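Q: The structure's right below; bear with me while I get my questions together.
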Amino acid sequence: MTGLDYAIVGVFLGGMALAGLTISKLIKQSDDFFVAGRNLTPFVLGATITATNLSMFHFIGMGGIGYQKGISIIWQNWTGCMALVLSGIFVIPVLRRLRVRSVPEFLEMRYSRSLRVMIGAFWGLRLCIFLGIFLYIAATAGVVITGWDNYFAWLMIFSLIAIMYSAIGGAWAVAIMDSVQFAFILAGALITFPIAIHLAGGLRSLSQWFTAHGDSVHLQLVPSGAGEFNWLFILAILLISTKWATVDQVILQRAFGAKNPRMGAQGMVLSGLITTPLAFLWILPGVALARIHPGISNPDHAIPWLLSHQLPMFGKGILGFVLCGLVAAQVSTITADINSVATLFTSDVYRVVRRKEPSQRQLLRVVRFSSLLCGALMILVAYGLKFTDSGAVRANLAVVGIVDLPLFVITIVFGLFWKRTTWQGAMAGFFGGGALGIMSYFVIVPKYFDGSLYPFLHAISPWVAAHAAAWHENIKGYEKSMLSIAPFVSSGAAVVITTVVSLVTRQKNYQCEKVWECF
Amino acid sequence: MLDWGTYAIEAVGLVIMCVWIVVPAREFKRIFKSLKEKDEGSSFSVQRSSSSGDAEPRTRNEERLK
């Protein structure tokens, strides 16, 4: 990296900090901080949702998986786009009409106050972990690209400006800066993409090279056989994406900032439509790199290598400009997430637990403090991740798939479509589904494949153990892809538990007619 | 060496980038103008209540009627 590159990134970071401070003047009451005063229009929403969605996880993490496994990881993006469009048409208008600020607030309307507080606190913590993963990717990329091996310093560089301007400027800062950052993200991707394809000799030549080297799976959208990202993965990720677009606080909160339900829906649909073709811009450079420079063992290091070793050859300052796009992607995601955690903590935990209604000034003080607290937790998680060896994409999928799906089940499936569901059923389904999902991912599936589960199964019934062993023989080679069943286990368990508990319990005198009126 | 596939992806990306620079800039301009007018208006008159007819529709039927 040259001095010019550092100067470009420095000016960009300074500009963002300054803009955050200026925008803070727009914050007069808590709704301005949480949902930008509900003033946002479709194209602004399209930009802010897309910029929130895109982060270094896409450019570095998914590009890296494209490098290692091939183009099929694009389904993670595409299923998300489909889900955004569906959610914009069917779910967002209902939630927006209810004028809620968060999913837990909807859960209070639908089920009970205690469920709101519990899920608000839980979801806030889960978002901090998620943010830690994003920060880890950014800091790793910083180390690889610049060669300055100070992981902690990179954590600070990426997080401090984001924490500062989201704590001061709230949802207004997020919306305005996201629109600017979206342009930078796209510009960066539009520079990197043709350079990578050019270095690989063009798309046709790349395809011929993979075929000649017996690695045509790299360019198969749906790989056949036992690949990690086969049809089972696509189905699992479709389920997770549906959850993400319908209950993810970070995405929904942007849509809740819409001027009216119709504009919220339009913003979501626009975001889904534009991200679909753009996904090629961050997956294909990774795929091309498999030809340019094979042999990188950690997939998270592949795209940083491309940026640091190839981009400077095409002109001075190009790397600096592309890095601005990457920093923009990262900061837009971090700020939106911090804003959401602050909303959850203030609106769903502090405001509900406190018996007396706080003043607007007190609320703003608490929301800013919780933004800072979230930032500190995020740095802590990212620091801890340095000592793990799993790729960031897999860590992300494990957390999202297992913990989040039961929330989708109780909020959308039961919350909107089955009036008989009780708060006891919803709570049992959420925690029971999550617990079983975690067990299947970390205990049941691995222990089944290494054989250590058989004595336990034999103790239950020799017949069950014999059949389990026979099935193991049939699916040998599919060990890794079987981990994709964890999201189905957690959501399936949530469905069964919620149904059973709701049928044996009764919700007394709870008024949720308001919810049905909004259909 | 670039081929038509690369050019097509690049062109779609460029169009989206241009549209998303121009349109949000106009929309923000409009939002800030209306916020400014609202601020000036509120210093002269009592804040409007939700029954003034400007309130947001709460149900699908209200939305249709509006």
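Bear in mind that the values in this text are calculations on the coordinates, not laboratory data. Since we're looking at a predicted model, the values are computed, not measured. Reconstructed Cβ throughout: ideal geometry from the backbone, glycine too, with neighbour counts over all protein chains shown.
Q: Within the set of other residues whose C-beta is less than 10 Å from the C-beta of A:Leu252, count the net charge using Lys and Arg as +1 and Asp and Glu as -1.
A: Taking every Cβ under 10 Å from that of A:Leu252, the sum is +2.
Q: State whether segment A:321-380 is rounded, prolate or oblate according to the following rule on the C-alpha gyration tensor (a ≥ b ≥ c being the square roots of its eigenvalues): a/c under 1.5 gives rounded; otherwise a/b larger than b/c gives prolate, and the remaining case gives oblate.
A: Because a/c hits 1.5 or more and a/b exceeds b/c, segment A:321-380 counts as prolate.
Q: Next question. Enumerate the calculated ³J(HN,Hα) couplings along segment A:318-332 in order (Karplus 6.51 cos²θ - 1.76 cosθ + 1.60, θ = phi - 60°), each rounded to whole Hz, writing x wherever the residue is Gly or Pro.
A: 4, 4, x, 5, 5, 5, 4, x, 5, 5, 4, 4, 5, 5, 5
Q: With unit charges on the beta carbon (Lys/Arg positive, Asp/Glu negative), name the residue among A:Ile133, A:Gln220, A:Pro104 whose Cα is farthest towards the positive pole of the charge dipole of the protein assembly as shown.
A: Toward the positive end, the furthest listed residue is A:Pro104.
Q: Going by Cα centres, segment A:188-253 and segment A:254-306 are how many Å apart?
A: A separation of 10 Å, based on Cα centres.
Q: Determine, for A:Glu517, B:Glu37, the number of other Cβ atoms within 10 Å of each Cβ, and report the residues in order from fewest to most.
A: Arranged by neighbour count, lowest to highest, A:Glu517, B:Glu37 become B:Glu37, A:Glu517.
Q: Label-point separation (nm) for A:Leu125 and A:Arg262, each offset 7 Å from Cα along Cα-to-Cβ?
A: Once both label points are built, they end up 4.3 nm from each other.
Q: Just add up the charged neighbours of B:Leu2: K/R +1, D/E -1, any other residue whose Cβ is under 12 Å from the Cβ of B:Leu2.
A: After counting each charged neighbour, the total is -1.
Q: Work out the length of the dipole vector of the protein assembly as shown about its Cα centre, built from +1 on the beta-carbon of each Lys and Arg and -1 on the beta-carbon of each Asp and Glu, and round it to the nearest 20 debye.
A: It comes to approximately 2020 debye.
Q: Enter the mean number of other protein chain beta carbons within 10 Å of the beta carbon of each residue in A:38-48, as an integer.
A: Going residue by residue through A:38-48 and averaging, the value is 5.
Q: With respect to the cross-link table entries A:Lys243/A:Lys386; A:Lys25/A:Lys259; A:Lys243/A:Lys419; A:Lys356/B:Lys33; A:Lys243/A:Lys356; A:Lys386/A:Lys447, which display a Cα-Cα separation exceeding 30 Å?
A: Too far apart for the 30 Å limit: A:Lys356/B:Lys33; A:Lys243/A:Lys356.
Q: Next up: Under the Karplus relation 6.51 cos²θ - 1.76 cosθ + 1.60, θ = phi - 60°, what is the ordered set of whole-Hz ³J(HN,Hα) values for segment A:171-184, x standing for Gly and Pro?
A: For segment A:171-184, the Karplus-derived couplings read 5, 5, 4, 4, 5, 5, 5, 4, 5, 5, 5, 4, 5, 5 Hz, x marking Gly and Pro.
Q: Let me ask something else about it. So what is the relative contact order for segment A:33-388, in percent, with contacts set as C-alpha pairs under 8 Å and at least six apart?
A: 44
Q: Further question: When the Cα centres of segment A:11-58 and segment A:83-119 are compared, how far apart do they sit, in Å?
A: Their Cα centres are 22 Å away from one another.
Q: By the gyration tensor of its Cα atoms, with a ≥ b ≥ c the square roots of the eigenvalues, what is the shape of segment A:33-388: rounded for a/c under 1.5, prolate for a/b over b/c, or oblate?
A: prolate
Q: Moving on to the next point. 5 Å is the cut-off here: which amide hydrogens, built 1.01 Å from N in the peptide plane, fall below it relative to A:Asn39, excluding neighbours closer than 5 in sequence?
A: Placed amide hydrogens put nothing under 5 Å from A:Asn39.
Q: Once phi is turned into ³J(HN,Hα) by the Karplus curve 6.51 cos²θ - 1.76 cosθ + 1.60 with θ = phi - 60°, what whole-Hz value does each residue of segment A:370-383 show in order, with x for glycine and proline?
A: 5, 4, 5, 4, 4, x, 5, 4, 4, 5, 4, 4, 4, 5
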